[in-house]
Amino acid sequence: MAVTPKLEIRQSQSLLMTPQLRQAINLLQLSNLELNELITKELEANPLLEREDEYLASDDTKEQTIDDYDIPATEEEQFSPDIDYDNAFDDTESDRIGYEPSWENYKSTNIDDENFDYLEQRVKAKESVYDLLTRQIESHFQTSKERLIASRLASFLDGAGYFTGNLEQISQQLKIKEEYLQGILEKLQTFEPSGLFARTLKECLSIQLKDQNRLDEMMQTCLNNLELLAKGDTKTLKKLCRADDEDLASLIADIKAQNPKPLASYSSDNNNYILPDIYVHRNKYGEYIVELNNDTLPRILINQEYYTKITKQKTEKQINKYLRERLSHANFLIKALHQRASTLLNISEEIVKQQYDFFEKGIDHLRPMLLRDVAEAVEMHESTVSRVTSHKYMHTPSGLFELKYFFSSAAGMYNGTNQTSVTSIKHKIKQLIEAETDKILSDDAIVNCLAQQSIKIARRTVAKYREEMNIPTSAERKRQKRRLAH
């Protein structure tokens, strides 16, 4: 049988990722700061786009001329005017010139919250304070509950690195014991740079000296009397510390070598703040109201007058083509921003709905919730929910939290339900081990203890969770106990 070349026509379907859809997807995962930076670049590149506030403040139409913008010499453009912008999103309202999303729908009310503090972000090299803290919170805390609490405490960090919050008030907001909060704070005080989350200068210096194995009894006495050191009363200080001149000089030198402001090196002319994307508050009927933070939403529109004025003039063909492309892209960008706002609001409302017990009863009632649970409820793909909840923050009556911290996987129960989260189980394992006295619990014993609470879990899973929380094995804990006894 002879093999000969021939032509065939076949019909097939394929999914193509256009530049527009790629940009729309990228918008979903941007933080409010990154989004505003992107909009600023778009305003600089597109002569038809204007900020709404600037447009309303001006009596004149656009003063720039088309000559102020770089028009491509070739016909190749990053964004093609042939895209069907009306169908790029399912819920867009219009493709008309001058389309403006209903931003009034997303305005937040004036929430009077004097206790709300924003975490100051100071830039150092490529890593901000926020990145520094987030990275360490993720690595030091294994459960969603602990991360939520750590994130809340981190919002009280001032520009020097000191913790300015009131544990008693925070414990009332989160409906948890103050002693538990104290344990989280002590763990935060192990973060780098050394001295973070101290409440006083004395505590800040103590943390740093302890890390250097220099906090002995003599040094502690010196720190307890810093006011004498400030006055230069070395005579009294030597007597209290039971130190001679050489010892005191060494103590003072070690103290002066510490950094009283751990975040001072992160100072910059550019101070950025974590602003919530979402506000949650209760109305007079006790219902939780979810609103977008209007201050973080960039509001832009198309200058219709400028477009009409230029296109009516006898301009070159290349200029008219450029303006049509800019108009198409401007329309798409505005619709993408509207879609982003709608998606963020819908997902946030569903999170509040599914985590109702958390808002009502406190952090101990954080229920298991997966990306899939929210995705199915709002009829979106899991990847969309993942992008939207990344780097987005919700201001609640209990504090400021990142949306992703509300997600936690579920574990099975002997009674047939799936209402226990992995976060909760890890917390219970930790509590059992912390409560050990004479008898050290093996992993099998922990399985039995959890079974008495109707929690179904395998021994290897207990071992896995224990390792994730950096808790030693029962044999190692026994050896540690014997060493302490001697």
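The values are calculated or read from the model by the stated rules, or taken from the named source; none is laboratory data. The model shown is predicted, which means the values in this text are computed figures rather than measured ones. Cβ: placed from backbone, ideal geometry, glycine included. Neighbour counts: every protein chain shown.
Observations, loosely collected:
- Pick from region 162-177, criterion over 16 Å from His365 (Cβ atoms) and out of contact with any Lys or Arg (no Cβ under 7 Å at 6 or more places or on another chain), ranking: surrounded by the most Cβ atoms within 10 Å (Cβ to Cβ): Gly165
- Verdict on Leu215 being over 30 Å from Ile429 (Cβ atoms) and either among the acidic types (Asp, Glu) or not in a loop (DSSP other than H, G, I, E, B) (or both): no
- Qualifying residue in region 233-253 (condition: touching a residue at least 40 places away in the same chain (Cβ under 8 Å) and either out of contact with any strand residue (DSSP E or B) (no Cβ under 6 Å at 6 or more places or on another chain) or more than 30 Å from Asn32 (Cα to Cα) (or both)): no
- Strands (runs of 3 or more DSSP E) completely within region 272-349 that count 3 or more residues being modelled with pLDDT under 90: 300-302
- As a summary of the residue check, Gly159 satisfies the conditions (1) closer than 22 Å to Pro397 by Cα; (2) under 20 Å from the mean Cα position of the chain (by Cα); (3) surrounded by fewer than 20 Cβ atoms within 10 Å (Cβ to Cβ); (4) of a type in the set (Gly, Ala, Ser) except for the one numbered (1).
- One residue stands out in region 242-257 among those that are of a type outside the set (D, E, K, R) and farther than 16 Å from Lys202 by Cα: the one that is farthest from the chain's Cα centre (by Cα), namely Ala243.
- Matching residues, region 471-486, being assigned to a loop (DSSP other than H, G, I, E, B) and more than 16 Å from Leu432 (Cβ to Cβ): His486
- Region 179-210 - residue that is exposed (fewer than 14 other Cβ atoms within 10 Å of the Cβ) and acidic (Asp, Glu) and, of those, farthest from Phe141 (Cα to Cα): Glu179
- Meets criteria (closer than 26 Å to Gly161 by Cα and polar (S, T, N, Q)) for Ser342: no
- Considered as a group, the residues in region 240-266 that are of a type in the set (Lys, Arg) and exposed (fewer than 11 other Cβ atoms within 10 Å of the Cβ) include one that is farthest from Gln189 (Cα to Cα), and that residue is Arg242.
- Residue check: Gly232 meets all listed conditions (1) surrounded by 20 or more Cβ atoms within 10 Å (Cβ to Cβ); (2) modelled with pLDDT under 85 but one, namely (1).
- Under the condition of being closer than 17 Å to Glu34 by Cβ and surrounded by fewer than 22 Cβ atoms within 10 Å (Cβ to Cβ), the residues counted in region 369-392 number 4.
- Exclusive hit being in contact with a Gly (Cβ under 8 Å, 6 or more places away or on another chain) and at pLDDT below 90, set Gln169, Gln173, Gln220, Gln212: Gln173
- Taking region 169-203 as the range and being acidic (Asp, Glu) and part of a loop (DSSP other than H, G, I, E, B) as the test, only Glu192 passes.
- Glu436 being under 31 Å from the mean Cα position of the chain (by Cα), at pLDDT 85 or above and not aliphatic (A, V, I, L, M): no
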